[in-house]
Amino acid sequence: MSTYPVRSRLAIMFSLLLALMLSILPLPELIAPFRPDWLLIILIYWAIALPHRANVGTAFVAGLLLDLLLGSVLGVRALALVIPIYLAASQFQRMRNYSVWQQAFVVGGLVMLNKLLIFWTAYLHSDTQVDYHYFWSIVSSMVFWPWIFLLLRKCRRRFSLS
């Protein structure tokens with residue numbers, strides 16, 4: 001019996017738990033709109049690196065946990081995470097061949113899709129308006145992607161996760 005699958009699951013769960021904590025961490029009002037979508041970019045990394053370990057089901061459960069932590073309508077962020085993760089996981093071989101900077105633009109598109117899905121469901125639920133501050137997290141997620149990618153890849157290689 002190998003400990004590699006258990007180690008992989010624990011590493012993925014720990015990184016997702018850290019992303020959930022970073023997602024609910026209170027920030028000053030001035031920099032709160034620039035908060036990267038930590039959970040989505042970490043899920044994208046795992047969906048590209050280990051698509052057989054972190055996939056749509058993982059994204060759905062993580063989205064439900066984020067909905068519970070944020071006190072939002074249950075299932076909104078779960079749906080908004082499942083669709084980008086499905087797109088990333090279905091194209092994981094292609095995305096692996098991109099440079100980190102090209103991947104950052106793909107991640108930006110996936111984060112934008114996530115933000116638009118969340119806004120669309122909020123608009124259907126209650127008549128909300130969007131302002132330009134809502135989309136700053138797309139830019140910050142693109143900026144943080146190379147560092148998240150390199151950090152998680154180093155952890156994956158250091159602990160021989162597969």
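The values are calculated or read from the model by the stated rules, or taken from the named source; none is laboratory data. Every value quoted in this text rests on a predicted model; they were computed, and no experiment measured them. Because the Cβ atoms are built from the backbone with ideal geometry, glycine has one as well, and the counts that use them run over all protein chains shown.
Kindly check whether there is at least one residue in segment 80-98 that is at pLDDT 95 or above and in contact with a Gly (Cβ under 6 Å, 6 or more places away or on another chain).
Yes: segment 80-98 contains one or more residues that are at pLDDT 95 or above and in contact with a Gly (Cβ under 6 Å, 6 or more places away or on another chain).
So, in segment 46-83, how many residues would count as being crowded, with 24+ Cβ neighbours inside 10 Å and of a type outside the set (A, V, I, L, M, F, W, C)?
Adding up the residues that qualify gives 2.
What number of residues within segment 1-50 are within 25 Å of residue 117 (Cβ to Cβ), part of a loop (DSSP other than H, G, I, E, B) and not acidic (Asp, Glu)?
7
Name the residues in segment 122-139 that are crowded, with 18+ Cβ neighbours inside 10 Å and either hydroxyl-bearing (Ser, Thr, Tyr) or touching a strand residue (DSSP E or B) at 6+ places or on another chain (Cβ under 9 Å) (or both), would you? Talk me through it step by step, then tell me what you get.
As a first pass, look at segment 122-139 and keep what is crowded, with 18+ Cβ neighbours inside 10 Å: 137-138.
Correct list: 137 only.
With the checklist (1) surrounded by fewer than 16 Cβ atoms within 10 Å (Cβ to Cβ); (2) touching a residue at least 24 places away in the same chain (Cβ under 8 Å); (3) not β-branched (Val, Ile, Thr) in hand, flag the one item residue 108 doesn't pass.
Condition (1) is where residue 108 drops out.
For the condition more than 15 Å from residue 82 (Cα to Cα) and out of contact with any Ser or Thr (no Cβ under 8 Å at 6 or more places or on another chain), what is the one hit in 50, 22?
One residue alone meets the criteria, 22.
Would you confirm, using the coordinates I've provided, whether residue 103 is of a type in the set (S, T, N, Q) and in contact with a helix residue (DSSP H, G or I) (Cβ under 7 Å, 6 or more places away or on another chain)? Spell out how you get there, then give the answer.
On the way: of a type in the set (S, T, N, Q): yes; in contact with a helix residue (DSSP H, G or I) (Cβ under 7 Å, 6 or more places away or on another chain): yes.
When the stated conditions are applied, residue 103 passes them.
Quick grid of which residues meet (1) among the aliphatic types (A, V, I, L, M); (2) more than 17 Å from residue 23 (Cβ to Cβ):
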| position | (1), (2) |
| --- | --- |
| 66 | yes, no |
| 72 | no, no |
| 76 | yes, no |
| 79 | yes, no |
| 92 | no, yes |
| 103 | no, yes |
| 112 | yes, yes |
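From the list 157, 153, exactly one residue is in contact (Cβ under 8 Å) with a residue 12 or more places away in the chain and either part of a helix (DSSP H, G or I) or within 16 Å of the chain's Cα centre (by Cα) (or both). Which is it?
153 is the lone residue from the list that is in contact (Cβ under 8 Å) with a residue 12 or more places away in the chain and either part of a helix (DSSP H, G or I) or within 16 Å of the chain's Cα centre (by Cα) (or both).
For residue 162, all conditions in the list (1) part of a helix (DSSP H, G or I); (2) under 18 Å from residue 15 (Cβ atoms) hold save one; what is the number of the exception?
Going through (1) part of a helix (DSSP H, G or I); (2) under 18 Å from residue 15 (Cβ atoms) one by one, residue 162 breaks only (1).
Does segment 122-132 contain any residue that is more than 15 Å from residue 39 (Cα to Cα), in a helix (DSSP H, G or I) and in contact with a helix residue (DSSP H, G or I) (Cβ under 7 Å, 6 or more places away or on another chain)?
Checked segment 122-132: no residue is more than 15 Å from residue 39 (Cα to Cα), in a helix (DSSP H, G or I) and in contact with a helix residue (DSSP H, G or I) (Cβ under 7 Å, 6 or more places away or on another chain).
Go through segment 59-99 and give me each residue that's closer than 22 Å to residue 116 by Cβ, in a helix (DSSP H, G or I) and among the polar types (S, T, N, Q).
Result: 90, single match.
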